[in-house]
Every structure is written in structure tokens, then in C-alpha cells.
Amino acid sequence: MSLLLNSSFTGASSACLLHRERSRRRRLRVPGVTCRQGGNDDRSNAARQQRSPLLLDRRDMLLGGLGGLYGVTAGPKVLAAPIMPPDLSKCHDAKAPALHDHCCPPYDPSETISEYGFPATPLRVRRPAHLVKDDQEYLDKYKEAVRRMKNLPAEHPWNYYQQANIHCQYCNDAYYQQNTDDVPVQVHFSWIFLPWHRYYLHFYERILGKLIDDDTFTIPFWNWDTKEGMTFPAIFQDASSPLYDPKRDQRHVKDGAILDLKYAYTDNPASDSEIIRENLCFIQKTFKYSLSLAELFMGDPVRAGEKEIQEANGQLEVIHNAAHMWVGEPDGYKEDMGDFSTAARDSVFYCHHSNVDRMWDIYRNLRGNQVEFEDKDWLDSTFLFHDENEQLVKVKIGDCLNPTKLRYTFEQVPLPWLGKINCQKTAETKSKATTELSLTRVGEFGTTPQALDASNPLRVIVARPKKNRKKKEKQEKVEVIQIKDIKVTTNETARFDVYVAVPYGDLAGPDYGEFVGSFVRLAHGKKGSDGTQEQGAKKKGKLKLGITALLEDIDAEDADKLVVTLVLRTGSVTVGGVSIKLLQTDTPAVI
């Protein structure tokens with residue numbers, strides 16, 4: 001018997017049903033499941049902080065939905081190269097043409113760096129943006145806080161645009177890492193992305209609260225993972241409000257347009273209901289295919305001094321990128337949200353990232369709140385921010401893994417993507433399959449890099465390391481598509497989507513198969529001496545996508561080979577190879 005989670009259940013309530021069902025069937029104790037009733041109670045209870053209420057096995061969790069928690073605990077790594085704060089006296093021109101390359105903060109050589117004193121306030125609750133639109137008291141506070149932040153002296157570290165420039169400094173190469181003069185501090189494209197942005201939002205939120213003398217104040221989250229929250233939040237649309245930003249794609253922020261999480265500067269012709277379904281499926285697959293290996297969700301390791309590292313973001317960052325692109329202006333530098341250097345000048349940036357942060361919190365709960373990377377290079381990576389007391393403070397990743405330490409949580413709302421959704425066979429591949437009945441011979445990738453062509457998707461046949469793997473083998477290793485040596489012009493936004501199908505010998509059918517994930521890289525470049533944007537050198541990246549659960553879903557475990565299709569959506573991209581590997585999982589085994 002399988003048990004399907006009702007999508008209206010969240011947190012402990014759904015886990016308790018599973019716990020009771022499993023206990024009845026197996027008479028086994030499920031560690032970490034607490035069957036107390038309650039809603040938004042303070043999650044500082046030790047058991048709730050340490051263990052997830054959603055530690056489930058594959059057959060209990062979403063048959064046809066979220067798939068399996070595979071794996072064994074990976075041992076700690078012994079390395080000593082965490083990312084450390086840069087020398088603040090050495091800020092230089094950024095790769096930020098929209099800001100004329102200037103986003104450095106005022107520098108005070110007498111300023112000292114302190115350890116951050118984590119707040120001891122009551123647990124604050126972040127609420128969905130679409131549900132606070134009728135809470136006039138809250139909106140008045142929010143607007144007043146932002147108004148006061150914008151009215152601060154231009155060089156004050158709390159000033160709205162100084163706060164926005166922090167994102168430019170650490171995303172557009174305004175600082176080099178300690179003891180280097182050519183390795184930028186970059187908080188995207190790696191395992192740094194989620195924790196750095198968690199701290200960034202935390203201090204922004206605490207400063208807003210301090211400006212209105214309200215320790216309970218929180219920023220809302222753009223609840224784009226539910227149907228009701230997939231339109232642009234109304235609270236940011238009033239042109240007379242300090243929350244308003246005119247530099248947006250006006251086609252999307254008005255009239256109830258549905259956010260497209262696969263957006264690539266071409267509007268999706270599908271119906272609203274179909275876009276909603278595709279969005280929910282993308283979110284579901286992102287969780288489902290990455291539960292057994294955190295780097296698939298969060299991004300690859302990056303260590304101090306690494307110069308030739310290939311950028312490798314996780315799939316949550318890919319989803320996040322689409323919202324940036326969809327909100328920003330469609331032309332020019334894609335301001336504000338569509339360009340890293342200007343993104344935080346739009347107040348919706350923080351609302352969007354609040355939901356990204358919430359997605360990470362949900363992911364951690366689904367994995368039993370285990371530490372994603374038992375690696376001091378991650379846990380000891382350190383950042384600098386000005387806190388709500390105007391002190392320059394340093395913080396470590398290892399201290400932000402549980403939001404309750406920062407004294408905030410999220411209002412519990414339905415998670416429709418946890419439910420059963422028909423995510424196999426996308427609408428575009430169904431349509432193609434019904435109009436074309438031919439088979440195409442597909443070859444291997446070869447050794448020569450290949451340029452992607454929007455009019456002619458790249459299709460290659462790739463051998464699998466092993467077919468028909470046993471359950472124990474899947475618990476130990478996850479099957480992953482790896483695309484290496486991805487090159488994108490540095491000032492150009494690029495996106496390609498990846499599909500998987502079972503071949504007929506060495507022939508491929510007309511449809512691309514199942515959507516697995518995407519590569520997305522937002523534009524950022526630097527102005528040349530003539531004032532135009534430089535083309536610059538091409539950076540390399542890589543993409544890893546888990547397919548263990550997918551192959552079970554489509555009954556393809558006995559296939560020797562797979563057809564992998566790369567569909568260019570925007571930009572200029574070459575790739576250096578496509579392969580399928582088995583990687584060690586990092587989740588605890590689930591009985």
C-alpha cells in the first residue's frame with residue numbers, strides 16, 4: 001500500500017500520517033517524526049531543529065510525486081580553503097555596465113569587524129506576498145521602512161542603494177578573494193549561493209525592522225510555487241509606493257500574467273493552466289531528482305583561490321534565474337531584476353529571494369535537516385555585512401543552516417508540487433510526436449566541442465554506466481547526466497533545456513522525451529573604453545542533473561543507452577561533452 005501526501009498538508013501534519021501508516025505496516029520507529037498538532041509554533045524545540053518531520057522512504061513519499069530519498073551518509077572531507085571576506089579597501093570597478101561599473105561602498109579604514117550577535121527576538125514569521133496585500137497595517141509598515149531606508153544619507157551603509165550595491169559587489173566581481181589579485185569573490189554558481197543570500201536578506205530585513213522600531217517585522221515571500229502566487233505580487237505594483245520600480249517588463253507585472261519558470265525572453269504560448277502545470281512539475285522535479293545529492297540542488301563546491309573552476313549552479317538557482325529574467329526589462333541591460341548588478345534595486349528582489357530561501361528550508365526538511373556538505377570549506381566560509389546596529393560583522397555558513405537561529409520562519413501554506421501531477425511528456429513533445437512519425441539516427445558526442453543551435457537541437461546517444469541497478473546500489477550512488485565545458489559569452493544571457501528519452505537502437509523518436517533540467521546564466525559584462533559592452537572571454541561552466549528517479553518513473557532502467565537532447569532557448573553556447581556518471585549520494589539511508 002502506498003500513501004500519497006495531500007498537497008494541503010505541510011510540515012509535521014503530513015509526516016504524522018506517514019509515521020502512523022508506516023508504524024502500522026512495519027512496526028518501525030521513524031526517527032524525527034513528532035506527532036504534536038500545531039501550526040506556526042516556535043520551531044526552536046531541539047528535536048524539531050535537528051531532525052526533519054519529513055524523513056520518508058520512496059514509496060511513502062509521493063508515488064508519482066516526489067520520489068526517493070536514496071543514499072548513505074558521505075564522510076566528512078578534510079580540506080582547508082573556505083571562502084573568506086575580501087579586503088574591503090580594495091574594491092574596484094565591477095563588471096556592471098548598467099551602473100557604469102561602479103558599485104563600491106564608502107570605505108572607512110577605522111571601522112572594525114565584530115562577531116555577529118545573533119538575535120534573541122521572538123520567532124518572526126515571513127508571509128506570502130499575495131496574502132498580505134489586504135493587510136493594510138503590515139503594508140504601511142513595509143512601505144514606511146523602505147521609504148526611510150531610501151531617505152538615509154547616500155553613503156550610509158543602510159541606505160537602500162548601498163544595500164542594493166552589496167549584490168553588485170559580490171556578484172559582479174568588485175572584490176578579489178583574499179591574497180589574490182585575479183580570483184573574484186562570486187556568490188552565484190556554487191554552494192555559496194543559498195547561504196550568502198540567506199544572510200543578505202536577514203540583515204536587510206533586520207535593518208528595515210530597526211528603522212521602524214519593530215523587532216517582529218519580516219519581508220514577505222513571493223509564493224511562486226503555488227497557483228495563487230504565480231503572478232507578480234500586487235503589493236509592488238503601485239507607482240506611488242516606495243516598493244515600486246519602473247524598470248520592469250510591464251507585459252509581465254500587470255494584468256495577471258503567469259510567471260514562466262522556463263522563461264528565456266520569449267513568451268510561452270501555452271495556456272495559463274499549462275504554464276502553471278509546467279512550473280509545478282519543474283519545481284517537483286528539481287526536488288525529486290536532487291534529494292539524494294545536495295550539489296544537484298545547491299551547486300558545486302567552490303574553494304578559496306580556485307582560478308579555473310567551472311561554474312556549476314544547482315537547479316534551484318536555475319529556477320530563480322528565470323524569475324529574474326521575467327521581471328527585468330526585456331531590452332538593454334535587462335534592468336533591474338534581469339541584471340545582477342541592479343537586481344536588488346527592485347524591492348521584489350528580496351521578496352523573490354525570500355521564497356528561494358524558503359525552498360532551501362523545505363529541501364532541508366525533506367532531507368532530515370542533515371548538513372548538506374560536511375565540509376569545513378563550506379561551513380567555515382565567511383561573509384561580511386552591516387547589521388541592524390550599524391556594526392560591520394562577520395558570519396559563517398555553518399551558523400545559518402537553521403532559520404530559527406536567525407529568528408525567522410515561514411508561514412505554512414499548501415505545497416501543490418508535493419502532490420501527484422502529470423509531469424511525464426511535456427505539451428511541446430506531445431505535439432511534436434503527433435505530427436512527426438520519423439526516426440532519426442543519433443550518434444555519440446565525440447571529442448570536439450559543439451555549438452548549440454536554436455533551430456537544430458543537439459541530440460546525442462549516451463551510454464549508461466550500469467542498467468537495472470538494485471535498490472542498495474541506488475542508495476549508494478545517484479545516476480547523473482554531466483555536461484562539461486559549457487561556454488557562454490560573459491555579457492550574454494544564455495539558457496538551454498535538457499531532455500532524456502530511450503532510443504530505438506541508435507535511432508531517436510521525434511519527441512525529445514522528458515524534461516530533466518536547464519542551464520541558465522544571466523548576463524553580466526563590463527564596458528569597454530568606447531562605452532559599449534565588452535564581449536570578453538568565454539567562461540566555462542558545467543551542469544549536473546540527477547536521473548535515477550526519472551528512469552524509474554518512465555520505466556527505462558533496463559536501457560543500455562539514453563538519448564540526451566539539448567535545446568538552446570537563448571544566447572550563444574558551446575558544450576564540450578555529455579556523459580552519464582554514478583556519483584556518491586549524501587543522504588542518510590531510509591529503511
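Tally Lys/Arg at +1 and Asp/Glu at -1 over every other residue whose Cβ is under 15 Å from the Cβ of residue 202; what's the total?
Numbers: positive: 124, 126, 198, 206, 210, 358, 394, 396, 405, 407; negative: 205, 215, 357, 361, 387, 388, 399.
Every neighbour counted, the sum reads +3.
Would you kindly derive the ³J(HN,Hα) couplings of region 540-556 from the backbone phi angles with the Karplus curve 6.51 cos²θ - 1.76 cosθ + 1.60 (θ = phi - 60°), listing them in order in whole Hz, with x for Gly and Pro?
Residue by residue, region 540-556 yields 9, x, 8, 9, 10, 10, x, 10, 4, 5, 4, 5, 5, 4, 9, 6, 10 Hz.
Quick check: from the Cα gyration tensor, does region 109-256 come out rounded (a/c under 1.5), prolate or oblate?
On the way: a/c = 1.72, a/b = 1.40, b/c = 1.23.
Verdict is prolate for region 109-256.
Is there a quick way to get the dipole size of region 124-182? I mean about its Cα centre, with the Cβ of Lys and Arg at +1 and of Asp and Glu at -1; what is the value in debye to the nearest 20?
Numbers: 9 positive and 9 negative charges, 91 e Å.
For this selection, approximately 440 debye.
Cut-off under 16 Å on the C-alpha distance; same-chain residues fewer than 8 positions from residue 396 excluded. Which aspartates and glutamates are left, in chain and number order?
Once the sequence-local aspartates and glutamates are set aside, what remains near residue 396 is 115, 372, 374, 375, 377, 380, 387.
In whole Hz and in residue order, list the ³J(HN,Hα) couplings for region 237-249 that follow from phi through the Karplus curve 6.51 cos²θ - 1.76 cosθ + 1.60, θ = phi - 60°; x for Gly and Pro.
9, 6, 5, 8, 8, x, 7, 7, 9, x, 8, 9, 7
Suppose we take every Cα in region 301-443 and form the convex hull; what volume per residue is that in Å³? Please list the in-between numbers first.
Details: hull volume 34.8 nm³, N = 143.
Normalising the Cα hull of region 301-443 by residue number yields 243 Å³.
Ranked from highest to lowest mean number of other Cβ atoms within 10 Å per residue, what is the order of the peptides 457-469, 332-344? The partial results should precede the final answer.
Working: 457-469: 16.2, 332-344: 24.4.
The peptides rank, most packed first, as 332-344, 457-469.
Sort the following peptides by mean Cβ neighbour count (other Cβ atoms within 10 Å, averaged over residues), highest first: 103-113, 282-292.
Working: 103-113: 12.5, 282-292: 25.1.
Order by mean packing, descending: 282-292, 103-113.
Please list, or write none, the aspartates and glutamates whose alpha carbon is within less than 13 Å of the alpha carbon of residue 133, excluding same-chain residues fewer than 8 places away.
228, 238
Which order, highest average first, do 261-269, 86-94 follow once you tally other Cβ atoms within 10 Å for each residue and take the mean per peptide?
On the way: 261-269: 17.7, 86-94: 16.0.
Highest to lowest by the protection proxy: 261-269, 86-94.
So how strong a dipole does region 81-231 carry about its Cα centre when Lys and Arg Cβ are +1 and Asp and Glu Cβ are -1, to the nearest 20 debye? Write out the running numbers ahead of the final one.
Working: 15 positive and 21 negative charges, 94 e Å.
Value, rounded to 20: 460 debye.
Tabulate in residue order the Karplus-calculated ³J(HN,Hα) for region 457-466, using 6.51 cos²θ - 1.76 cosθ + 1.60 with θ = phi - 60°, rounded to whole Hz; enter x for Gly and Pro.
x, 7, 10, 9, 9, 10, 6, 8, x, 6
Calculate the length of the line joining the C-alpha centroid of region 318-377 to that of region 186-226, in whole Å.
Each part reduced to its Cα centre gives a spacing of 10 Å.
Are any of the pairs 472/581; 141/247; 285/420; 288/484 more than 21 Å apart by Cα-Cα distance, and if so, which?
141/247; 288/484
Bear in mind that the values in this text are calculations on the coordinates, not laboratory data. None of the values given here were measured: they were computed from a predicted structure. Note that we place each Cβ from the backbone using ideal geometry, even for glycine, and neighbour counts take in every protein chain shown.
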